[in-house]
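Heads up, the thing below is written out as structure tokens.
What follows draws every value from the coordinates through simple rules; no lab data is involved. If you're wondering where the values come from, they're calculated on a predicted model, not measured in any experiment. Please note: Cβ atoms are built from the backbone with ideal geometry, for glycine as well, and neighbour counts cover all protein chains shown.
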Amino acid sequence: MAEVSSVPAPGIPPVGEDERSTELPQDSTMEESQSSDPSMYRYIKNDLFTSEIFKVEIRNLPKFIGFNDLKKFLAKQNLNPHKIKLFGKQTFAFVTFKNEEERDKAMKLVHGMQWKGQVLNVKLAKPKADPIMRKRKQEGSEGPPSKRTEGEEEEEEQPLSVQIANVVTPLWNVPYDEQLRRKEQEVVAVLQRLAKRIGNTNKAMLPWLFAQKGKYNKMCCPLEDIRPSPTQTEYRNKCEFLISMGADGEDKTVGFRLGKYKGGSCAVVGPAETSHVSAEAKRVVSEFQKFIRTTTYSVYDPETYEGHWKQLTVRTTRTGQAMAMAFFNPQKLNEEELDALKTSMKHYFTEGEGKDGGITSLYFVREGQRTSPNPEDLPCELVGGESCIHEELLGLKFRISPHSFFQVNTGAAEVLYSTVGEWAQLDENSTVLDVCCGTGTIGISLAKRVKKVIGIELCQEAVEDAKVNAKLNGLSNIEFHCGKAEDVFPIILSGLVASNLTAIVDPPRAGLHSKVILAIRRAEHLKRLVYVACNAKAAMNNFIDLCRAPSNRVHGAPFRPVRALAVDLFPQTMHVELVILLERVGYDTQPPGNSGSQQQQPGP
């Protein structure tokens, strides 16, 4: 699970996150940074969070350094950058921070420091130009638009339903068997690459790797057949919709963005004909769109930063409940006007025309004056219905709050968690560490067969849900801790003396913090680790650090991959969950039934 509220659907930006707020230039040049056109920087306002206003440029970096080298260097100075982007053959970088204090601290500490023979130069950097304004300016200076290619003309001529399907569900017209084959091939490539990387970082494993690669198509471990999603359509239980001008010209439209902001497009298409959105969510969107069109408030315009209605998040459950979260920028409206709007919204969906829309939990989220990139920090007010919704999974009951993480495909999540439980090889003496536990789904699903479960999660709301969920299911052998995994996990590990200890980690897309990996490596009594990766490429560094040879930085015997499997939680897209079982080198085990896994032999 994730330490963020959710993993958005393809083509959907994160909840409440301005697309430019954390993105550094992909093709930035010094000339662009020095642009003097004020219209290119209209988004730099005090009431919008963007790390671009806390940005520095570091010059004279050592040659041949990479992103991780610079990140580790800054971490040694106790600096926590928000984003890093290297340029000029890695000789200078733009680095943004979350606040002015961190930025100024970086300038004071790093400027004049010597690193690998180079004296670093740090200065303030101008923010990145607004992508859509830059595009407008370029189009204005280039004269008449260039002739479209045949492919572009063909795309423009396609119905909007096809265009949006190509954006949010790019495999919608590919047979499901072929989708699974493509995803499995992606996982094969990941495991082949991991085999090479492990060999480069742990020479002692080379004889073992040579044997593994010979048996398993150059992979580091056996890969079991991909497990399909029980349902291939209408499977998403959470979707985040933008509110903008419709691509069909209709104002106040709730849907998915047809293009990317940096590509110059803000238009959206409704989800009515998309295959992955549930019928219940489509009904909520339809009713909410009708409501906002009855109001006098305009949609939020990301070009001018004016307007109000910004986003609608919809969560649905198999138990027939639906949560709607309306993101609204108050601009200069007073509290009386906002109260009147919330009252009318409540009336519309509880007594008025929208009462049959299926909404059982209605929230109003105030989007202005953001001081944090985290959407859960936004004021979130219940205006109608129950405060939470409830779902059933593997015969268990779960409460879900607005910002709590819950896998977006409930049926496939049951397949995933069943696999995790099988691979963890648990018994009544086992202690399970559930890292990035969200609402506690994995730990709770395993609790009845083990001695103890300890969950760790960043989101306070999710932790509260997890505690309630444990009680709902009559469990007393489970506890939850709120905090950053890199802070909490080492403390918990150091105090555990359990002989049969297993960790299950299901982190956000970026993977686990390096401090968590180092703590896992140090805890030699932790012999088995089940890693669930929603983005295997992003988690690659985690896998490598778990398996690399011991060093001054990495203490404890390494792990090595024993078996792997993909579970399809995202039909019609190329996304897939990868499950890898890793075991400590020298740990001797034979999984029950020997279902595809090889017996671990003492270390190489």
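What is the list of residues in the range 197-229 whose amide nitrogen lies under 17 Å from a point 7 angstrom out from the Cα of S551, following Cα to Cβ?
197-206
Normalised by the number of residues in the range 327-462, what is the relative contact order in percent for Cα pairs under 8 Å and 6+ residues apart?
18
Relative contact order for the range 238-392 using alpha-carbon pairs under 8 Å, separation at least 6, rounded to a whole percent?
Once divided by the residue count of the range 238-392, the mean separation gives 20 percent.
Along the three principal axes, how long is the range 238-392 when you take its alpha carbons, biggest first, rounded to the nearest angstrom?
Here the Cα extents, ordered largest to smallest, are 40, 40, 31 Å.
Within the set of other residues whose C-beta is less than 12 Å from the C-beta of L416, count the net charge using Lys and Arg as +1 and Asp and Glu as -1.
-4
What ranking do M323, M205 get, fewest neighbouring Cβ atoms within 10 angstrom at the top?
M205, M323
Within the P(r) computed for the range 51-126, what percentage of the Cα pairs occupies the region above 16 Å?
40
Give the lysines reachable from K63 as a straight Cα distance under 19 Å; neighbours fewer than 8 places away on the same chain don't count.
Qualifying lysines at Cα under 19 Å: K71, K72, K85, K89, K116.
Beyond 26 Å, how much of the Cα-Cα pair distribution for the range 439-557 remains, as a whole percent?
For the range 439-557, the share of Cα pairs beyond 26 Å comes to 19 percent.
Among V56, V162, which comes first, then next, by fewest other beta-carbon atoms within 10 Å?
V162, V56
Apply the Karplus curve 6.51 cos²θ - 1.76 cosθ + 1.60, θ = phi - 60°, to the phi angles in the range 550-561 and return the couplings in whole Hz, x for Gly and Pro.
x, 8, 4, 8, 10, 9, x, 4, x, 9, 8, x
Counting only C-alpha contacts under 8 Å and six or more residues apart, can you give the relative contact order of the range 51-126 as a whole percent?
Value for the range 51-126: 44 percent.
On full extension of the chain, what length is gained from Q77 through V497, given 0.36 nm per residue of separation minus the C-alpha to C-alpha distance?
Extra length from Q77 to V497 when fully extended: 147.9 nm.
State the extension gain, in nm to one decimal, for the chain segment bounded by D427 and F64, taking 0.36 nm per residue of separation less the distance between their alpha-carbons.
Additional length available on full extension: 125.8 nm.
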